[in-house]
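Supplied in structure tokens, the structure appears directly below.
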Amino acid sequence: MSNLVLRDHMRRLLMAKYELQRTQYKAICEDRNLPNTVRYEYRVKLSQLPRNSSKTRIRNRCTLTGRSRSVYKRFRISRIVFRELASQGAICGVYKSSW
């Protein structure tokens, strides 16, 4: 496993850990019926959460090579690795078409 894959995995764990807090803080910050002091207080709390706990910092990466582009979400592998595994018959239900 490459370093980038491990970093992305840690970000996913942090996001799962702080997801509930982050959504609650965001909801309070965006509620216009609350006083500005309360909204500001929760905006500060939101900014004190770890940056890597944000969902936007997650990048889909291939779990085998670490490639960040053209990764199939369903399999979590890149198109290149997918083609190699499909040609070898390592992915169930996927086979190369020929006519």
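The values are calculated or read from the model by the stated rules, or taken from the named source; none is laboratory data. Everything numeric in this text was worked out from a predicted model, so none of it was measured. Neighbour counts are summed over all protein chains in view; Cβ atoms, including those assigned to glycine, are modelled from backbone coordinates with ideal geometry.
Please verify whether the stretch 37-57 includes one or more residues that are part of a loop (DSSP other than H, G, I, E, B) and over 30 Å from PHE82 (Cβ atoms).
Within the stretch 37-57 (the criterion being part of a loop (DSSP other than H, G, I, E, B) and over 30 Å from PHE82 (Cβ atoms)), the answer is yes, since at least one residue qualifies.
A follow-up question, please. Which residue is farthest from ILE91 (Cα to Cα), if the candidates are limited to the stretch 50-76 and must be among the aliphatic types (A, V, I, L, M) and modelled with pLDDT under 90?
Filtering first and then ranking leaves ILE58.
How many residues are of a type in the set (Ser, Thr, Tyr) and within 14 Å of SER2 (Cβ to Cβ) if we restrict to the stretch 58-85?
Count: 4.
Filter the stretch 51-77 for residues that are among the small types (Gly, Ala, Ser) and over 13 Å from the mean Cα position of the chain (by Cα) and give the result.
GLY66, SER70
Say we look at the stretch 23-59 and pick out the residues that are of a type in the set (S, T, N, Q) and without any contact (Cβ under 8 Å) to a residue 24 or more places away in the chain; which of these is farthest from ARG11 (Cα to Cα)?
So the residue we want is ASN33.
Being in contact (Cβ under 8 Å) with a residue 40 or more places away in the chain, on the phi < 0 side of the Ramachandran plot, part of a helix (DSSP H, G or I) and exposed (fewer than 13 other Cβ atoms within 10 Å of the Cβ) is the requirement here; does MET15 meet it?
no
Which residue is surrounded by the most Cβ atoms within 10 Å (Cβ to Cβ), if the candidates are limited to the stretch 51-99 and must be on the phi > 0 side of the Ramachandran plot and not polar (S, T, N, Q)?
So the residue we want is GLY66.
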